[in-house]
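See below for the structure under consideration.
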Amino acid sequence: MSIKITDLTPGFVGEVSGVDITQPLNTEQVAALEAGMDRYAVLVYHDQRVSDDQQKAFSISFGPLEHTAGGNLTKVAERRLDAYMADVSNLGVDQKPLARDDRRRLFNLGNQLWHSDSSFRAVPAKYSLLSGRIVVDAGGNTEFADMRAAYDALDAKTKADIENLVCEHSLIYSRGTLGFTELSDEEKQMFKPVRQRLVRVHPVTGRKSLYLSSHAGTIIGWPMPEARAFLRDLNEHAVQPRFTYSHKWTEYDLVVWDNRSTMHRVRRFDETMVRDMRRTTVAGESVTVEQMAA
Ligand code: OGA
Ligand code: MN
């Protein structure tokens, strides 16, 4: 069995066959998958019946895992999964859908906004690996936007204007857009803004991409309303249908994306239904810009 990757969306989303990720992979297999990630930016695997441990073992092939602390409001005693598994489900520890007004649920609704994972961290994420353990029939698609193609399609003047811009990203901004503003002092401290370049260069391919995210709330040195209006405009450009792909989930799909060159969001679904999605995240290697002292 050898690894094959075919186009779902040419140059953006590939479909992988010929690999069982529940088993240890050799270095050639890992290299082939990593090359696939660089060539595309999203890879879809089907029928990967992983346990959490197997998902973590596979993820580590691509680098150290990112710890989930600092990315959510869930208290340790309320966690359904271990600290290296991001719980992207709509479930509580009792495995039942969270109540409509549950604070954790309201916070997680932020995943319906276009974003790049962990752009609110000083060192943002490399890959995200999302496993669909229990999926819903209607709604709940995950959509992806190719931020390299979106960058390439900008006019020369805009490219020059944004080349050296730096944004501030924070969960406070993204949740604030939804009117979720009640945060304790401790949470506000945890979600302190970080700085990210607006144009980033992929470390392997050298391709530039627009580094946007719902977490981006301002541009350093710009008046706030002007920054927000411009970021909104860039977002509208970046998520045009010609740059996007929508993934309809089948149980035990695994979708892997490069956060350095994509955005994603989940679409609305009936939250009385169980949707059990589990994400591992491969940590990034560097900051995109120097951070200010705290
Ligand atoms: C994520 C995420 C979307 C989804 O896992 O980072 O945004 O489809 N999830 O649940
Ligand atoms: Mn996400």
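General remarks:
- Filtered by the rule that a residue be within 16 Å of ligand 2 (Cβ to nearest atom), among the small types (G, A, S) and farther than 27 Å from M292 by Cβ, segment 107-165 gives S131, G132, G140, A145.
- You will find that of A238, A227, the residue that is away from ligand 1 (no atom under 16 Å from the Cβ), under 18 Å from S174 (Cα atoms) and more than 20 Å from the chain's Cα centre (by Cα) is A227 and no other.
- Selection count, segment 117-166, where residues are small (G, A, S), within 16 Å of ligand 1 (Cβ to nearest atom) and crowded, with 16+ Cβ neighbours inside 10 Å: 8
- Matching residues, segment 99-130, being assigned to a loop (DSSP other than H, G, I, E, B), over 30 Å from D38 (Cβ atoms) and in contact (Cβ under 8 Å) with a residue 12 or more places away in the chain: R100
- Given (1) in a strand (DSSP E or B); (2) within 30 Å of D53 (Cβ to Cβ); (3) touching a His at 6+ places or on another chain (Cβ under 7 Å), index of the condition Q196 fails: (2)
- Residues (under 22 Å from S51 (Cβ atoms) and basic (K, R)) located in segment 247-294: R275, R278, R279
- Segment 249-280, residues that are part of a loop (DSSP other than H, G, I, E, B) and near ligand 1 (Cβ under 9 Å from one of its atoms): W249, N259, R267, R275
- The C-beta contact set for segment 225-246 (first residue at negative phi and open to solvent by less than 100 Å² (accessible area, probe 1.4 Å), second residue in a helix (DSSP H, G or I) and small (G, A, S), distance under 6 angstrom, 6+ apart or interchain) comprises A238/A150; F243/A149; F243/A150.
- Flag if S89 is open to solvent by less than 20 Å² (accessible area, probe 1.4 Å) and not in a loop (DSSP other than H, G, I, E, B): no
- Flag if R267 is more than 24 Å from A160 (Cβ to Cβ), in contact (Cβ under 8 Å) with a residue 40 or more places away in the chain and surrounded by fewer than 17 Cβ atoms within 10 Å (Cβ to Cβ): yes
One line per residue, one yes/no per condition, for (1) within 19 Å of the chain's Cα centre (by Cα); (2) in a loop (DSSP other than H, G, I, E, B); (3) surrounded by 19 or more Cβ atoms within 10 Å (Cβ to Cβ); (4) of a type in the set (S, T, N, Q):
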site	(1), (2), (3), (4)
T22	no, yes, no, yes
A35	no, no, no, no
K56	yes, no, no, no
G70	yes, yes, no, no
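- Search result, residues across segment 199-221 that are touching a strand residue (DSSP E or B) at 6+ places or on another chain (Cβ under 9 Å), open to solvent by less than 50 Å² (accessible area, probe 1.4 Å) and part of a loop (DSSP other than H, G, I, E, B): H202, Y211, L212, S213, S214, H215
- Failed criterion for S170 (all others in (1) open to solvent by 10 Å² or more (accessible area, probe 1.4 Å); (2) in contact with a Gly (Cβ under 7 Å, 6 or more places away or on another chain) hold): (1)
- Hey, A283 open to solvent by 20 Å² or more (accessible area, probe 1.4 Å) and within 14 Å of the chain's Cα centre (by Cα) or not: yes
The values are calculated or read from the model by the stated rules, or taken from the named source; none is laboratory data. Predicted model, so just to flag it, every value in this text is computed and none were measured. Don't worry about glycine lacking a Cβ; one is built from the backbone with ideal geometry, like all the others, and counts go over all protein chains shown. Protein only, heavy atoms only, side chains kept; ligands, DNA and RNA dropped before computing areas. Shrake-Rupley method; radii C 1.70, N 1.55, O 1.52, S 1.80 Å.
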